[in-house]
Amino acid sequence: MSPSDALEPVGEQPADGPPAAEWTQYDSHLHYACAVVQGLRRNGLSDWRPVPTLVRTDPGELPVADGQATPMYFQAAGDGSYSTSGMFAFGSVGFVAGALAVNAIANNAAKRRAQADLQRRWMPGPPGALMVSTTRVMFWSHTEQYSLYWSGLDMIDLTGPDTVVFRYRGNSTGADTIVQFQTMSAVLIFALAAHDSFPNHPRWLSGGWLPIGFEDHCEAAGYSRPEVR
């Protein structure tokens, strides 16, 4: 099966019947994610043709999607360090006192900014491309490149219709790392990871990874009804 096969309408809407429901690009990505899940459960995607990719794949790895993503990293903006400025002032007593006071205020402001930068927050990264396979998601941009294997994740969740968040422990630093991708493949990524490594995820067990009524929406738009919940 090819990816495009999963997105073909099952039939034409009658000319004199009600118009087909609106079908969006996001709906196509959801429908495709459902087709992948159905294929995994049926035969492990043994009849699935790999999606073309520039990424070198591992033996037995099957690429199923590629696209664009914007990462967000939950991290501190700085390490708490800052530079102080010293100064010498010459002139009247009033002028010197005023100049030193201004310098002290500037140094205190720099210290407060440095302390604030120690607080972890969502920091945007440069947008880039990703490849999604049966075992991982690989992301790359002009500044970085890394793979997140499902087996190496400590946590995953959908935080929005097109956002998926991961928690894992960095191989080089051992530090707890949290990254979020904004991508049209967010639901597909979640479904692949849940199927492989998070079978007891509450969103996976409840079927809440798909919008309520999505199956009916597919039928109304003339697409096959997914049976994955």
For this session: Between beta-carbons, use under 14 Å as the cut-off and find the net charge around Pro161, counting Lys and Arg +1, Asp and Glu -1.
Result: -2
Exercise. Gain in length, Phe74 to Arg121, computed as 0.36 nm per residue apart minus the alpha-carbon separation, to one decimal in nm?
Worked result: 16.4 nm
For this session: Obtain the nm distance between the two label points defined at Thr24 and Met155 by a simple spin-label model: each point lies 7 Å from its Cα along the Cα-to-C-beta direction.
Result: 2.8
For this session: Please give the length that would be gained between Arg42 and Glu227 if that part of the chain were fully extended, namely 0.36 nm times their separation in residues minus their C-alpha to C-alpha distance (nm, one decimal).
Result: 65.4 nm
For this session: Leaving ligands, DNA and RNA out of it, report the carbon-plus-sulfur percent of the accessible area of the stretch 151-202 at a 1.4 Å probe.
Result: 48
Exercise. Which FRET efficiency value, to the nearest 0.05, do you get for Ile178 and Thr53 by plugging their Cβ-Cβ distance into 1/(1 + (r/R0)^6) with R0 = 25 Å?
Worked result: 0.45
Exercise. Quick one: which of 125-133, 50-58, 31-39 comes out on top by average Cβ neighbours within 10 Å, and what's the full order, highest first?
Worked result: 31-39, 125-133, 50-58
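The values are calculated or read from the model by the stated rules, or taken from the named source; none is laboratory data. This is a predicted model, so every value here is computed, not measured. Quick reminder, even Gly has a Cβ in these numbers, built from the backbone with ideal geometry, and neighbours come from all protein chains shown. Side chains are part of the model used for accessible areas, which takes the heavy atoms of the whole protein and leaves out ligands, DNA and RNA. Shrake-Rupley method; radii C 1.70, N 1.55, O 1.52, S 1.80 Å.
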